[in-house]
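Step one of this worksheet: look at the structure below.
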Amino acid sequence: MEDLYYSDYIELDKILDSQHPKSFEALEDGNDEMLFIIIHQVYELWFKQIIFELDLVRHIFIRGRINDNSDDMSRAVHKLKRIGKILELINQQVSVLETMTALDFLEFRNLLLPASGFQSRQFRLIEAKLGLKMEQRYKTEYYKYTRRGSLSETDLQEVDRAESESTLKELIIQWLERMPFFHEDYWRDYRRSGAMDEQGTESDSVAKHKFWIDYRNAYKNSLSQNEAGRLAEFDKVFFAEGRGDSSPVAMRAALFITIYRNLPIFHMPFELLNTLSEIDELLSNWRYRHFMMVRRMIGLRVGTGGTSGAGYLEGTLSQHYAFREITEVATFLIERSKRPALPNTLKEKVSFNL
Ligand code: HEM
């Protein structure tokens, strides 16, 4: 058998034969279009790796009954952290493209029409697999069309399919909902930290759980006068409607893990939640850097993909979060020293594989 050769193994010839600038052929006429093509290709390769890792993580959760102290959990966290590192890297790459000036870009911009990064199927797949839905986007009217500058029919179908499969966000919410923290057996030796309090607003029995009564009191006492309205929000998020796509049960679990993250059993679950927030933040950073670069490159002109351009990109910044609910749990935290002490039975017995 012939020895494996480096360039055959990574199919390098195919990759290196894939840069065909439209604005020049001879080197002496060369401009920044070569950089423009290569940087997009590099991005798309990293997008491919992100999708690969995301699918692995989704499958770990799809198999269900994930044991929080098992290899599965640490594998999932490890893969998500890798996605974070890739996002950090591709954020930095924006500055390589920024060595191209607006005038340099104009040398070939018109030749690209109406192609645009807006048509990046892989970018939309990442968003969809994370859990960002079409209807939650800024300017929803831009997406579900296959008009000039938008996704092709087949690409759009693939994004639709990814949206209809279990998204990472849905799987995480289901995992949070399965957590058995509030099984009565675990709370027999709980010592109330405060006096009984009126509970008027909550309706279900979990809301009347002694732990949550104590926590709610501690939260209430932590609020300054001009934030007093937050208590009603607390009740709504954790005991009535939930938040966004997340049910009250899932929100309670996320809050519980976040407050008691120092307990060994919560290390991994906390890492998981924290990494999801980090991914959202890093993606937002990318949106911001891309948006700023676009302003410098084309000012206020419309995008080649037919959107309003920088204005559209700025709008996506504040709206396109996949894990907003998890990040916003921070709104409802209290100081460490004010946390109710957990009963030993709970600390010893909780395992998440009911
Ligand atoms: C000169 C450099 C660039 C300019 C002027 C530019 C411009 C734009 C504009 C105006 C949009 C809005 C859609 C439209 O109407 O076209 C857009 C979207 C997008 N671009 Fe770029 N872009 C540049 C580089 C890149 C690079 C290197 C990537 C990497 C893959 C990229 C990926 C994307 C993606 C994924 C979107 C969709 C964003 C969203 O809908 O949230 N762009 N770009």
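Checked against (1) part of a helix (DSSP H, G or I); (2) of a type in the set (A, V, I, L, M); (3) under 28 Å from residue 66 (Cβ atoms), residue 297 passes all but a single condition, namely (3).
Taking the conditions exactly as written (modelled with pLDDT of 95 or more, farther than 17 Å from residue 323 by Cβ and aromatic (Phe, Trp, Tyr)), does residue 123 satisfy them or not? Judged against the criteria, residue 123 is a match. Considering the stretch 78-99, the residues that are of a type in the set (A, V, I, L, M, F, W, C) and surrounded by 14 or more Cβ atoms within 10 Å (Cβ to Cβ) include one that is nearest to the ligand (Cβ to nearest atom), namely 97.
Against the definition (more than 9 Å from the ligand (Cβ to nearest atom), hydroxyl-bearing (Ser, Thr, Tyr) and touching a helix residue (DSSP H, G or I) at 6+ places or on another chain (Cβ under 9 Å)), how does residue 318 come out, yes or no? Criteria met by residue 318. Of 333, 354, all but one fail to be at pLDDT 90 or above and either within 22 Å of the chain's Cα centre (by Cα) or surrounded by fewer than 16 Cβ atoms within 10 Å (Cβ to Cβ) (or both); the exception is 333.
If you check residue 312 against the conditions, is it of a type in the set (Ser, Thr, Tyr), part of a helix (DSSP H, G or I) and within 16 Å of the ligand (Cβ to nearest atom)? When the stated conditions are applied, residue 312 passes them. Close Cβ contacts (under 6 Å, 6 or more residues apart or on different chains) running from residues in the stretch 42-63 that are more than 14 Å from the ligand (Cβ to nearest atom) to residues that are at pLDDT 95 or above and outside any helix (DSSP H, G or I) comprise 62/166.
Within the stretch 296-307, does at least one residue satisfy the condition of being surrounded by fewer than 19 Cβ atoms within 10 Å (Cβ to Cβ) and either among the basic types (Lys, Arg) or within 12 Å of residue 117 (Cβ to Cβ) (or both)?
First, pick out the residues of the stretch 296-307 that are surrounded by fewer than 19 Cβ atoms within 10 Å (Cβ to Cβ): 296, 298-302, 306.
Still in the list and also either among the basic types (Lys, Arg) or within 12 Å of residue 117 (Cβ to Cβ) (or both): 296, 301.
Within the stretch 296-307, one or more residues are surrounded by fewer than 19 Cβ atoms within 10 Å (Cβ to Cβ) and either among the basic types (Lys, Arg) or within 12 Å of residue 117 (Cβ to Cβ) (or both).
In the stretch 266-282, the qualifying residues are those that are farther than 13 Å from residue 169 by Cβ and touching a helix residue (DSSP H, G or I) at 6+ places or on another chain (Cβ under 7 Å), and the one that is farthest from the ligand (Cβ to nearest atom) is 266. Just one of (1) out of contact with any strand residue (DSSP E or B) (no Cβ under 9 Å at 6 or more places or on another chain); (2) surrounded by fewer than 20 Cβ atoms within 10 Å (Cβ to Cβ); (3) touching a residue at least 12 places away in the same chain (Cβ under 8 Å) fails for residue 276. It is (2).
Of the residues making up the stretch 315-328, just one is under 9 Å from the mean Cα position of the chain (by Cα) and assigned to a helix (DSSP H, G or I), namely 324. The set of residues in the stretch 100-124 that are touching a residue at least 40 places away in the same chain (Cβ under 8 Å) and more than 11 Å from the ligand (Cβ to nearest atom) comprises 107, 111. Taking residues in the stretch 240-256 that are over 18 Å from residue 277 (Cα atoms), and partners anywhere that are in a loop (DSSP other than H, G, I, E, B), the pairs with Cβ atoms closer than 6 Å and at least 6 places apart or on different chains are 248/242. Got at least one residue in the stretch 283-302 being away from the ligand (no atom under 16 Å from the Cβ), without any contact (Cβ under 8 Å) to a residue 60 or more places away in the chain and hydroxyl-bearing (Ser, Thr, Tyr)? No: zero hits.
For the stretch 145-165, indicate whether the set of residues that are within 16 Å of the ligand (Cβ to nearest atom), buried (at least 18 other Cβ atoms within 10 Å of the Cβ), among the aliphatic types (A, V, I, L, M) and part of a loop (DSSP other than H, G, I, E, B) is non-empty. Within the stretch 145-165 (the criterion being within 16 Å of the ligand (Cβ to nearest atom), buried (at least 18 other Cβ atoms within 10 Å of the Cβ), among the aliphatic types (A, V, I, L, M) and part of a loop (DSSP other than H, G, I, E, B)), the answer is yes, since at least one residue qualifies.
The values are calculated or read from the model by the stated rules, or taken from the named source; none is laboratory data. As the structure is a computational prediction, the values presented were derived from the model and not from experiment. So basically every Cβ, Gly included, is an ideal-geometry build from the backbone, and we count neighbours across all protein chains shown.
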